[in-house]
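Here the structure comes first, spelled out in structure tokens, and everything after it is commentary.
The values are calculated or read from the model by the stated rules, or taken from the named source; none is laboratory data. Predicted model, so just to flag it, every value in this text is computed and none were measured. Glycine gets a Cβ as well: all are built from the backbone with ideal geometry, and neighbour counts include every protein chain shown. When the accessible area is computed, the model is the full protein with side chains, heavy atoms only, and any ligands, DNA or RNA have been set aside. Shrake-Rupley method; radii C 1.70, N 1.55, O 1.52, S 1.80 Å.
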Amino acid sequence: MIAFDYHAPESLQEAVRLLDQFAGTARVVAGGTDLMVTCRLRGLGPQHVISLRRVENLDVVRRDEATGRVRIGAFATLRQIERSPLLRERCAGLVEAAHKVGSIPVRNLATIGGNLCNASPSAETAPPLLAAAATVTLTGPGGQRAIPLEQFFLGPGKTALQPNEVLTEVSLLADGAGAASMYERQCIRRFKDIALVGVGARLALDGAGRCQAVGLALGAVAPTPLPVPAAADLLLGQQLSDARIAEVAAAARAAAKPITDIRASAEYRSAMVEVLTIRVLRALREALRN
Amino acid sequence: MSQGTSLRPARRLARLTVNRETQEVLVAPSESLLETLRDGLRLTGTKRGCDTGDCGACTVLVDGAPVVSCLALSLNLEGRSITTVEGLAQNGRLTPLQQAFIDSGAVQCGFCTPGMLMSATALLAEERSPSEAAIRDAIAGNLCRCTGYIKIVEAIQAAAHQGAPNASLVS
């Protein structure tokens, strides 16, 4: 176990100042579920840990009335997300993904910001967020910047976050008014498993049942969670026929770049991308009919 | 992340409320709640299994919500209310849930029992008669390698029929 020092500043500004001062030897801790495991199993860890537990309102979940998007404070726990009435109504894909992480006693600690900053290729919350055109707000010494989530992930464990920045908010498109979202994954156990493959999708239909906006993203089949816009765009302006869905699924499979590892082979993962994409799109079609 | 150094940052006093009693505890900055409970406060009812958040044997309640204490930083919990298995029985009287575990034969080796009790206590405080699916979801984070879970689920169902145990633990 690595011994780090602990700081709990009173404000976000002070947290950023400490990160700046410790120049790359500090990490922000939220729930600590990834940090503590890394410290124990790999003997790796920061020299300084910055907790934002004293800073208020970093876990607020709300609908932005001006844009219709949903905004989630990065320090909201996954348990808070899966139980939020607003998110259950407006972000079904994200709620499903949050529910699938670990177990309740883990989700009561783990946060959405932590899940994204850990940047695992299989991060459950990433595919539904990417499918819902999510952006992330990064707060640093010069203020805030918002970037599309797909630009945030750079590789396994690597993000666009600078050493003196904190991920403070996630924003995504909402369900409702002809739009719906979903997340499905393949794994071996019923509970407490990591996705072998995950598929997140969001569809918005016009009055005639044609696809107006489509988001599709994959987990655990590339070095980062992977948006597949070329596959998603095949649906634009189209009806959701079985034949069209099959085409999209084949295109998603072609875009995936899975590896073989201890959990599954590349071939199996590729095949499952196609199966899950079909399953998710058909289920969304069903959901939007009702 | 950088390679850790051999430096050992100084311990500090943390104000923790454990089983309704607020106390000052000397805590290392990187110490887990599990270490503080077992090694600092000698509350060894909470078990150390995997120490990586997978087995749930270390589950305790923080402000009524179950958490894996092996992954929680003690200093992050200053001012919060922590309940361990030692805090369930009052004046030597077991809760209906604890009694149901005994009566239903839900305990074999017993190592998972404290964590199971904490997860189930939180569930029953929120849902008076949970479905079997809700029970299984609530204890999905608590691994038992003896019982096959059936007796445990039955015990939780039996306790549910007797009314919510210790609702006061959950804020």
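Residues that are in contact with a Pro (Cβ under 9 Å, 6 or more places away or on another chain) and modelled with pLDDT under 90 were ranked within the range A:18-38; the one that is least open to solvent (accessible area, probe 1.4 Å) is A:G24.
Among residues of the range B:84-107 that are touching a residue at least 40 places away in the same chain (Cβ under 8 Å), those with a beta-carbon under 6 Å from a residue that is open to solvent by 60 Å² or more (accessible area, probe 1.4 Å) at least six positions away or on a different chain give the pairs B:P96/B:Q162; B:F101/B:V107; B:S104/B:K151; B:S104/B:E154; B:G105/B:K151; B:A106/B:K151. B:G141 is checked against (1) of a type outside the set (A, V, I, L, M, F, W, C); (2) within 14 Å of chain A (Cβ to nearest Cβ); (3) open to solvent by 20 Å² or more (accessible area, probe 1.4 Å); (4) part of a loop (DSSP other than H, G, I, E, B) and fails just one. What number does that condition carry? Looking at each condition in turn, B:G141 falls short on (3). Among the residues of the range A:29-39, is any free of Cβ contacts under 8 Å to residues at least 12 places away in the same chain and out of contact with any strand residue (DSSP E or B) (no Cβ under 8 Å at 6 or more places or on another chain)? Yes, that holds for at least one residue. The residue that is farthest from the other protein chains (Cβ to nearest Cβ), counting only those in the range B:20-50 that are assigned to a strand (DSSP E or B) and of a type in the set (D, E, K, R), is B:E21. Identification of strands (runs of 3 or more DSSP E) wholly contained in the range A:133-235 with 2 or more residues that are touching a Cys at 6+ places or on another chain (Cβ under 9 Å) yields A:166-172, A:197-205. Would you be able to say whether some residue in the range B:51-68 is open to solvent by less than 30 Å² (accessible area, probe 1.4 Å), in contact with a strand residue (DSSP E or B) (Cβ under 6 Å, 6 or more places away or on another chain), among the β-branched types (V, I, T) and part of a loop (DSSP other than H, G, I, E, B)? No, every residue in the range B:51-68 fails to be open to solvent by less than 30 Å² (accessible area, probe 1.4 Å), in contact with a strand residue (DSSP E or B) (Cβ under 6 Å, 6 or more places away or on another chain), among the β-branched types (V, I, T) and part of a loop (DSSP other than H, G, I, E, B). Going through (1) outside any loop (DSSP other than H, G, I, E, B); (2) in contact with a Lys or Arg (Cβ under 8 Å, 6 or more places away or on another chain) one by one, A:G114 falls short only on (2). Against the conditions (1) surrounded by fewer than 23 Cβ atoms within 10 Å (Cβ to Cβ); (2) within 14 Å of chain B (Cβ to nearest Cβ); (3) free of Cβ contacts under 8 Å to residues at least 24 places away in the same chain, A:H48 satisfies every one except (3).
Has the range B:108-115 got at least one residue that is without any contact (Cβ under 8 Å) to a residue 40 or more places away in the chain and buried (at least 17 other Cβ atoms within 10 Å of the Cβ)? Looking for residues that are without any contact (Cβ under 8 Å) to a residue 40 or more places away in the chain and buried (at least 17 other Cβ atoms within 10 Å of the Cβ), one finds at least one in the range B:108-115, hence yes.
Among the residues in the range A:56-74, are any part of a loop (DSSP other than H, G, I, E, B), over 30 Å from A:L284 (Cβ atoms) and within 13 Å of another protein chain (Cβ to nearest Cβ)?
Of all residues in the range A:56-74, those part of a loop (DSSP other than H, G, I, E, B) come to A:56-60, A:64-69, A:74.
Retained after the next criterion (residues that are over 30 Å from A:L284 (Cβ atoms)): A:56-58.
Then drop every residue that is not within 13 Å of another protein chain (Cβ to nearest Cβ), which leaves none.
No, the range A:56-74 contains no residue that is part of a loop (DSSP other than H, G, I, E, B), over 30 Å from A:L284 (Cβ atoms) and within 13 Å of another protein chain (Cβ to nearest Cβ).
Report, by residue number, each residue of the range A:25-38 that is more than 7 Å from chain B (Cβ to nearest Cβ), in contact with a Ser or Thr (Cβ under 9 Å, 6 or more places away or on another chain) and in a helix (DSSP H, G or I). Listed by number, the list holds a single entry, A:D34.
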